Amino acid sequence: MRKNTVAIIPARGGSKRIPKKNIKEFFGKPLIAYSIETALKSNLFEKVVVSTDDEEIAKISKQYGAEVPFLRPPELSDDFTGTVDVVNHTVEYLESQGESYEYICTIYATAPFLKKEYLIQGYDNLKSSDVINAFSSTTMPFPIQRTFKLNNEGRCEMFAPEHYMSRSQDLEEAYQDAGQFYFTNRTRQKESKNNIVFSDISIPVILPRYLVQDIDTLEDWKRAEFMYQALKQSGEI
């Protein structure tokens, strides 16, 4: 266990597209259980805290080893409240109880592919650098320079027409947020005027794409099930 380090898992109860998503059963366990268990197995954190507005989520989170020191207030539990506000509220609550943490790790409740080695890598990389954040990332599966959008007439329009004839291998690789975890150095965060995570205040922890899947819709959920089953059969998880 590392001192001065806490994991915070935001888990709102009012999911619309997938009802009760955070505690919906995923291969025999509530989805949030995977995030809690992996955080605990990493031995990185003094405590793993779940921030929720939902009694059932709170009960299940405690069963899997997390702490739920409060129920989140309604003004931080609507569809418009961002993760940053929820995490800041949790940190401020802990500080009001006399607890102080140098390293804060936000872990999403919908991350069944989270692996402890990447959490440890994120912590170690952040601690040995002068940046503010280290977060899970992965490569884009297709060159973003050759992507297109639909115009007002529903026809194709390239974002970067100058690359229509470019070979994929000649284009610069792009990365995206993997949506699993975000380590932050609390002291540096307070001292910085820059709060844009996707900038030079951050370093990525690059995950293979087969361990990355957002779970926002029922289609995402089905894809995650296929991926998890394949990874189990291969011994990857």
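Quick notes on this structure:
- Odd one out for Glu75 among (1) out of contact with any helix residue (DSSP H, G or I) (no Cβ under 8 Å at 6 or more places or on another chain); (2) surrounded by 15 or more Cβ atoms within 10 Å (Cβ to Cβ): (2)
- Top-ranked residue in the range 197-237 [being touching a strand residue (DSSP E or B) at 6+ places or on another chain (Cβ under 6 Å) and not in a loop (DSSP other than H, G, I, E, B); ranked as farthest from Glu117 (Cα to Cα)]: Ser202
- Here Thr81 meets the list (1) under 17 Å from the mean Cα position of the chain (by Cα); (2) part of a helix (DSSP H, G or I); (3) not charged (D, E, K, R) almost entirely, failing just condition (2).
- Filtered residues of the range 84-122 (kept if outside any loop (DSSP other than H, G, I, E, B), over 16 Å from Val197 (Cα atoms) and not β-branched (Val, Ile, Thr)): His89, Glu92, Tyr93, Leu94, Glu95, Ser96, Lys116, Glu117, Tyr118, Leu119, Gln121
- The condition of being farther than 18 Å from Lys47 by Cα and either modelled with pLDDT of 95 or more or not aromatic (Phe, Trp, Tyr) (or both) holds for only one of Thr81, Thr90, that being Thr81.
- Some residue of the range 199-211 being over 21 Å from Lys127 (Cβ atoms), in contact with a Ser or Thr (Cβ under 6 Å, 6 or more places away or on another chain) and touching a residue at least 12 places away in the same chain (Cβ under 8 Å): yes
- Residues in the range 132-172 that are free of Cβ contacts under 8 Å to residues at least 24 places away in the same chain and of a type in the set (Ser, Thr, Tyr) were compared, and the one that is farthest from Ile206 (Cα to Cα) is Tyr164.
Here is a yes/no grid of residues against (1) surrounded by fewer than 13 Cβ atoms within 10 Å (Cβ to Cβ); (2) charged (D, E, K, R); (3) touching a residue at least 60 places away in the same chain (Cβ under 8 Å); (4) on the phi < 0 side of the Ramachandran plot:
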| residue | (1), (2), (3), (4) |
| --- | --- |
| Gly82 | yes, no, no, yes |
| His89 | no, no, no, yes |
| Ser96 | yes, no, no, yes |
| Ile104 | no, no, yes, yes |
| Glu117 | yes, yes, no, yes |
| Asp130 | yes, yes, no, yes |
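The values are calculated or read from the model by the stated rules, or taken from the named source; none is laboratory data. If you're wondering where the values come from, they're calculated on a predicted model, not measured in any experiment. A quick note on method: Cβ atoms are made from the backbone with ideal geometry, for glycine too, and the neighbour counts reach across all protein chains shown.
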